[in-house]
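Student: Before anything else, here's the structure in question.
The values are calculated or read from the model by the stated rules, or taken from the named source; none is laboratory data. The shown structure was predicted, so the numbers you read here are calculated from the model rather than taken from an experiment. Surface areas here come from the heavy atoms of the whole protein model, side chains and all, with no ligands, DNA or RNA. Shrake-Rupley method; radii C 1.70, N 1.55, O 1.52, S 1.80 Å.
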Amino acid sequence: MTRSLQAVAYCRPSVLESAADGQRLGLETSRGATPSGAEDHPRFFTGFLTYPQVASAGLLAVADVAAARYHQPQLRASLDPVVTGNGDRLRFESFSGCCGVYARLDVLSAGLDGGEVGHGTTNVDVNNPLREALSRIGADDPLHLRVGPEELAVTTLDGPVVEKKVPLPDRWLRGFAEAQVIAAGFDLRAELLAAEAVRFLRSLPRSGPRSGRNGARW
């Protein structure tokens, strides 16, 4: 698998902070594409999450996939999830370092309480301290979300505070385009509540030594 080294720069690390009106989640963006062209740190949304615990768990799952390499589990990946503002939703996506697993979280308008959602695509910083903080979010904890810098002009002459250089698989980029094409042809067949989804997943047969390499996999 061919790889290219990508430099991802953020104004500051993403952080979860306590405030008088609840907790505030600030997700920092890197250089990205917008309808008006490339921007260093686009801003997509500021407002509250209607279901903070569900959204936090979903974001953590997407970030976990970006940090995993399932083909060689002993090796960790260091990729950052991708966030897209699409006017009616915020979409967080990632591929694993081996490109074998794709994860996506769509936070629709019903899950957002605030201003308009912008348009564009960029990387978003999800660091280890932020992961630990998100894992402690409760269902009734008010959570304010900001995707992008607090001010539009935040870059100083000193440059960005956080910079990561990660080996990015070329197949990772192509995979996003392929996933969108495949998903465009999907039809909605069923909607499950959380408890029903858990029951369904637990009812799937577990693969064992008798199933062999050609057995069912989930």
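Student: Which value, in Å², gives the accessible area per residue of region 27-135 when a 1.4 Å probe is used on the protein heavy atoms?
Tutor: With the other protein chains kept in place, region 27-135 gives 45 Å² per residue.
Student: A further question on this structure: Using the alpha-carbon atoms, what tilt in degrees (0 to 90, nearest 10) does helix 194-203 show relative to the longest principal axis of the chain?
Tutor: 30
Student: Ignoring ligands, DNA and RNA, please state the percent of accessible area on the chain from carbon and sulfur, probe 1.4 Å.
Tutor: Reported share for carbon and sulfur atoms: 53 percent.
Student: If you don't mind, there's one more thing I want to ask. Using the Kirkwood radius built from alpha carbon pairs, what does the Stokes-Einstein equation give as D for region 27-75 at 4 °C and 1.567 mPa s, in µm² per second?
Tutor: Taking Rh from Cα pairs, D becomes 95 µm²/s.
Student: When 1/r is averaged over all different Cα pairs and the result inverted, which Kirkwood radius in Å belongs to region 1-100?
Tutor: The answer is 15.5 Å.
Student: Could I ask something else about it? So if I restrict to the alpha-carbon atoms in region 51-107, what is the Rg, and what is Dmax, the biggest pairwise distance, in Å?
Tutor: 11.9, 39
Student: How much of the pair distance distribution for the chain lies past 27 Å, counting alpha-carbon pairs only, in percent?
Tutor: Of the Cα pairs, 37 percent sit more than 27 Å apart.
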